[in-house]
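The values are calculated or read from the model by the stated rules, or taken from the named source; none is laboratory data. None of these values were measured; they are calculated from a predicted model. Reconstructed Cβ throughout: ideal geometry from the backbone, glycine too, with neighbour counts over all protein chains shown.
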Amino acid sequence: MSENSNRTGDADPSNIKTKKVVAVLLVIGLVVLGLYLYKFRYGLSNDNGDWGTFGDYVGGILNPVIAGFAFYLIAKTYELQKRELEATRKLLKESTDAQKNQIKLAALTALLNFNLMRIRELESVKASLLQGTLIESEIPIKRYSTEYFSRLDKVDSEISNLINKNSKLEEQIRSFL
């Protein structure tokens, strides 16, 4: 079904049903008028009493029929609204879930970016250590000392841990995509 036909209501099932209901009401009205004319076998009267009787007759027959159709249409409207509300709830839940996933993805991406920046910083520290230019305090670390190798191992270990964490983060990010 094309989107255009839905907008105009040409192929809308509820529009077709409404037309059928109106057609049925018109047929019932004509049947009632025909029965009245058949039973009394005369044309239109000038007597107010005859018209009152005719009105009572038509009203007595059509009022319950129209009330029945009105009840039917109210019930159908209720069912339609119930279906639409359920569809809306489903879409809202999907939207909420998608937003939660986006937030989680953004958090994972931010953590990955932070870890990458920290790795760059640690690589810079490692390069400074290897060149002998790192000064963390007033006293520079002596090249090839125990403290030097300890610091170098600590930096390498931290870089390695961050790379492992980034691998896990990248897997989680790929699972979202």
Selection within the stretch 68-108 - under 12 Å from the mean Cα position of the chain (by Cα) and either closer than 30 Å to Asn166 by Cα or surrounded by 11 or more Cβ atoms within 10 Å (Cβ to Cβ) (or both): Glu94, Ser95, Thr96, Asp97, Ala98, Gln99
Tally, over the stretch 153-177, of residues that are closer than 19 Å to Ser128 by Cα and either without any contact (Cβ under 8 Å) to a residue 24 or more places away in the chain or assigned to a loop (DSSP other than H, G, I, E, B) (or both): 4
Any hit, the stretch 19-38, residues being assigned to a helix (DSSP H, G or I), touching a Lys or Arg at 6+ places or on another chain (Cβ under 9 Å), surrounded by 10 or more Cβ atoms within 10 Å (Cβ to Cβ) and at pLDDT below 90: no
Top-ranked residue in the stretch 64-111 [being among the basic types (Lys, Arg) and within 30 Å of Val24 (Cα to Cα); ranked as modelled with the lowest pLDDT]: Lys76
Neighbours by Cβ (under 7 Å, 6+ apart or cross-chain): first from the stretch 51-74, part of a helix (DSSP H, G or I); second among the hydroxyl-bearing types (Ser, Thr, Tyr) and surrounded by 12 or more Cβ atoms within 10 Å (Cβ to Cβ): Trp51/Ser45; Phe54/Tyr36; Tyr57/Tyr36
